[in-house]
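Since every read-out is calculated from the coordinates, none of them should be taken as a lab result. Not measured: the values here are computed from a predicted model. Cβ atoms come from the backbone with ideal geometry, glycine included; neighbour counts cover every protein chain shown.
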Amino acid sequence: MTEFDTGLPSIKQLQGYVKNKQEVELKLVTDDLIVGKIMWQDSQCLCLLDHYDQPTLVWRQALVYLKPKA
């Protein structure tokens with residue numbers, strides 16, 4: 001299992017999105033686009049809550065990019 005380094009800038013930025021309940025857009029390697037709020041993260045996954053309050057578990061290696069919604 002990979003160590004979860006909370007000092008990394010990327011981890012800090014994601015934690016900011018979680019804390020502020022910021023809506024984000026995830027692009028996956030499958031070319032799917034998912035929009036929602038990050039509920040939590042660990043060293044391997046993110047949990048995204050969509051507009052229907054449906055949680056989706058996304059593995060980090062499936063991400064192409066993640067950006068905040070304007």
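Converting phi to 3J(HN,Hα) with the Karplus coefficients 6.51, -1.76 and 1.60 and the offset θ = phi - 60°, the range 54-69 yields 9, x, 10, 8, 10, 6, 4, 5, 8, 7, 9, 8, 9, 9, x, 7 Hz in sequence order, with x at every glycine or proline. With a simple spin-label model that places each label point 7 Å from the Cα along the Cα-to-Cβ direction, the separation between ASP50 and ASP31 comes to 1.9 nm. Annotation: the residues LYS67, LYS27, sorted from fewest to most other C-beta atoms within 10 Å of their own C-beta, follow the order LYS67, LYS27. Annotation note: chymotrypsin sites (Phe, Trp or Tyr not before Pro) in the chain located in DSSP loop regions with a Cβ neighbour count of at most 16 within 10 Å are PHE4, TYR52. Among the listed options (1) 11.2, 37; (2) 15.4, 51; (3) 11.5, 34, the one matching Rg and Dmax of the Cα atoms in Å as calculated from these coordinates is (3). For the chain, the 222 nm mean residue ellipticity estimated from helices alone, with every DSSP H stretch of n ≥ 4 adding -39500 (n - 2.57) and the total spread over all residues, rounds to -5500 deg cm²/dmol.
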